[in-house]
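Contents: one structure, followed by commentary.
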Amino acid sequence: MLKAFAELSTPLVADACVRNGVPLRAAPPGIGAVVPGHRIAGRALPVRHYGSVDVFLEAFGQAGPGDVLVIDNGGRVDEACVGDLAVLEAEAAGLTGLVIWGLHRDTPELVEIGLPVFSYGSYPPGPVRLDEREPEALTTARFGPQLVSRDDLVFGDDDGVLFVAAEHADEVLATADQIWRTEREQARLIREGETLRRQTAFDDYLARRAADPTYSFRRHLRRIGGAIEE
């Protein structure tokens with residue numbers, strides 16, 4: 001999955017979801033990689049954190065190669081729920097990375113380990129609570145407004161994190177690749193002196209919109225085969 005995502009980005013995947021009518025499910029703003037430039041793609045391994053690392057260790061026993069641990073810590077900013085030992089164990093279990101709805105700690109060690117970790121940021125204190133565990137602890141994880149399960153894939157880069165149902169992955173990635181190729185060609189032409197306004201027949205668009213106020217730019221782009229938004 002990471003190989004299929006290699007030339008793409010989360011904005012491209014987001015645009016492809018919209019174009020294909022696939023639910024657009026983004027992690028909340030502010031979730032980013034501990035190491036800028038790290039990327040992540042793989043099947044979701046959901047887990048809910050209640051104050052103890054034991055739930056992570058249990059989840060690792062169910063992991064498959066290339067899975068991404070999706071941690072629901074309720075978006076808390078009063079504790080870090082993942083440190084270096086948990087990340088080392090995730091690496092040993094064959095995971096390709098972790099995304100945390102919350103905070104991490106042991107930043108220098110995580111940088112040295114090199115396994116991609118996405119979170120809201122770092123915070124020294126770990127948990128001092130132990131909450132009652134829910135039956136869904138190892139089956140679903142909340143991540144902001146999203147509910148993530150084993151049926152989902154996770155994509156992350158410097159722009160953020162997205163969740164896509166695995167059943168839609170092939171069509172979404174294929175469309176994202178098409179958008180990428182179109183945008184790269186448009187960028188090349190701009191650098192060679194052909195403005196985006198000319199490429200998109202913007203004057204024609206303005207004339208059509210004047211005659212028909214319902215004629216949107218997105219509709220125009222689809223008619224001419226351009227790709228800027230969606």
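Taking segment 44-95 as the range and being within 25 Å of residue 164 (Cβ to Cβ) and either without any contact (Cβ under 8 Å) to a residue 12 or more places away in the chain or part of a strand (DSSP E or B) (or both) as the test, the residues that pass are 44, 45, 46, 47, 48, 68, 69, 70, 71, 72, 81, 82. Would you mind stating whether residue 10 is within 25 Å of residue 173 (Cβ to Cβ), hydroxyl-bearing (Ser, Thr, Tyr) and touching a Pro at 6+ places or on another chain (Cβ under 8 Å)? So residue 10 does not fit the description; no.
Count of segment 30-43 residues, restricted to those that are touching a Gly at 6+ places or on another chain (Cβ under 7 Å) and assigned to a loop (DSSP other than H, G, I, E, B), is 2. Going by the conditions given, is residue 175 out of contact with any Gly (no Cβ under 7 Å at 6 or more places or on another chain) and over 21 Å from residue 104 (Cα atoms)? Here the answer is yes, as residue 175 does meet what is asked. Among the residues of segment 102-121, those identified as closer than 20 Å to residue 142 by Cα and touching an Asp or Glu at 6+ places or on another chain (Cβ under 9 Å) are 102, 103. Of all residues in segment 113-121, none satisfies being within 19 Å of residue 47 (Cα to Cα), out of contact with any strand residue (DSSP E or B) (no Cβ under 7 Å at 6 or more places or on another chain), of a type outside the set (D, E, K, R) and part of a loop (DSSP other than H, G, I, E, B).
Computed from the coordinates by the stated procedures, all read-outs in this text should not be read as laboratory data. It should be emphasised that the depicted structure is a prediction, and the values quoted were computed from it without experimental measurement. All Cβ positions, even for glycine, are placed from backbone atoms using ideal geometry, and neighbour counts span all protein chains on display.
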